Structure formats: C-alpha cells, structure tokens
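Since every read-out is calculated from the coordinates, none of them should be taken as a lab result. Keep in mind the model is a prediction, meaning the values are calculated, not measured. Reconstructed Cβ throughout: ideal geometry from the backbone, glycine too, with neighbour counts over all protein chains shown.
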Amino acid sequence: MYPQRSLLYHRGVDDSPGTYISDYVLFAFCAVLATYLSLLLAKSARSESKIRDVSVSTIAVIVVIISVGLGALLGGLVHQFLQKVEPYNNKTFILAPVWTEDMAWLVVWRVAATLSAFVSFAFFVLIQQLLSSEDVLRFSLAGIILYYIISCVISVGIGGYSLYVMFDRDNPWSLTVTFGLVFFCAFLEIVSALVVVCVRFKVAHDGSSTPCTELSNDIDSNPDLQPEVKNLEVSQDPGGVRRRWDLFFHFIAPSFFVIGGVVQLLLGIVAQCGKHRPNPLIHCPLPDDFNHNGLLHVINGLAIFFFFVAELLAIKHRRHNHDKRNFENVSFV
C-alpha cells in the first residue's frame, strides 16, 4: 500500500519507532517537571513571605522545559504520521518538489521548530540571571534593556527563520540551522556558568571577605549565640563554591544539549544512521528502530532533568541566603 514505506528519510523525516516514541516520552517527562516547578512558582506567588527563592530564572527554566516538551510532542506526531500521507512520492514542478500533500504536517513541523526561539530566549535570561545573582556581572538598567532587546531580536530571528524555511522548495524539513543556533545559545550559557565558577574559586583562593564569613566570625566571638544558630548552616567557604551544586548543574545541563547535538550530527552525517541509502561501507552503531534521533531525545531528556535539578538547588540556595541575611540583622550587642 505504501511503496518504499520501510525506507527512512524519504521526505527527510525519520519514521523509526524509537524516534517518535522517545519524543512522546520526552514530552511526558517535561510535562511532569514543568508542572512541579509551576506549582512552586504559584505557591511562592501566593505566599506572604519575603523570601525570593523562586525567581526569574525559575520561569526561564519552566519555559525551556515546556518548549522542549511541546516541540517533542509535535515532532513525534510528524515522525509517526508523515510517512502515511499519500501519494508517498511528492510531485515535482520544474525540477523542484512541491510540498502539497503533506503541507499540514510541514506546518506542524515548522511550528515545533519555532519553539526554539523560546528556548533560546530562556537561555539568554538564564545567562543574565546567573551572572547577576552571583555578583559576577551586574548590568545597569540601560545595559539590561539593551541586553534583552538584543536577546529578543536574536530569538525572534531564530523563530522567523524556522518558519521561513517552510517555503524552501529544496528542503523545507531541515532543522540544521535552527538547532545550530539553539546549541550556540546553550554554549553561551556553558561559558557564563564556567565564568561564574572560576570567579567564585578566585574569590575563595584570595580569601576575600564576604557577609558569610563576617557572620561566622560574629557567631564565634559570641558563644551565647551558638545555640540559637545550631540549625542554621553557615558556610566557611569565602567564595561560596562548596556545595554549590546548582552552579555545577547549570554548567552540565546546557553542556548535555550541545553534546546531544554534536553526537546526533556525527552519527547522522559520518555514520549515516537512518539515511535513505546509506553507504554499505559505513556501519551505523545504532539499530534502525532507535537511531541517532532517538539518542538525541534521550540526551535532551537528561539535559532537561539537569536544568530541573539546577533550579531546585538554586531555590534552596536562595532560601538559605535569605535566612543568613535575616540573621545578620540580629543585634550582637
């Protein structure tokens, strides 16, 4: 009924079960994590406490998770059902393909790609929030406005390009440039997280004084106060790098995004995994039912989980900092 249906990439889109099933699993996983963070956000908004443990970075992480999840859902639908569109062979007009029979799925595919714009903008937000919250680089009001204007222009450009490719008669299904731009934004966050860790270690090495160490000295000089703070964790780390696993995961999470993209590219181009007519001399290390696209979804799932963990740890760190700042206001006379 479907001529050549068993061959992959006839339209440039993978139809292997491992690809669209891993898409659906990734969507469900993202839905659970995004729901949990959204509940924390809603709880913080209703709370009368002045603790700012849930911040703009929390919203940015939620945007990343939701965008990746929705993209996985839409992409999975296209991966599964595109190849069932008849006639299976697209028509040609003046030696160029005319995408008519499968235009509906093409629109769904490009809409899924457009969600990359939200992911990119969320990466820019995370970069600014990370640098600012860790006192590595504080922007002036004009600097923040300019930064977000540039971020919006870049993100809108990525989304606009993702839609524009739909009218490319040569290959309207291509995601190479879109994914490349998103991976570049993720790389920028990797660099920013690495800079934050390096600056923190430098502060620790130089032994700079911080409110944390000053508070610790006050407690040591007042034995009567020690019982009152026995349950308050006071770090002796001047740079704030000990037990800062949130910074570690803010470095690991975007790294996995980039690693996933590199692995997918190498397996797809070099090893020719899932190609329509692979070179018989080149062997793909992955099975046909779970190729490089399915592997990309698994790695993306790990990246999403690390973003989730990073934000949970950051929320805990913000709450702990708020407790320390409150204790600093206690009179030691």
How much length is gained if the chain between Lys84 and Ala104 is pulled fully straight, taking 0.36 nm per residue apart and subtracting their Cα-Cα distance, in nm to one decimal?
5.9 nm
Subtracting the Cα-Cα distance of Lys43 and Trp245 from 0.36 nm times their residue separation yields 70.3 nm
Quick one: if you stick a label point 7 Å off each Cα along the C-beta vector at Val263 and Val156, how many nm between them?
3.7
Below 14 angstrom from the Cβ of Ser38, what's the summed charge of the other residues (Lys, Arg +1; Asp, Glu -1)?
+1
Taking the mean number of other Cβ atoms within 10 Å as a proxy for protection, how do you rank 288-297, 141-150, 263-272, 37-46 from highest to lowest?
288-297, 263-272, 37-46, 141-150
If I model a spin label at His283 and Asp135 as a point 7 Å from the Cα along the Cα→Cβ vector, what separation in nanometres do I get?
5.8
Pairwise label distance in nanometres, His320 with Leu188, each label 7 Å out on the Cα-Cβ vector
3.0
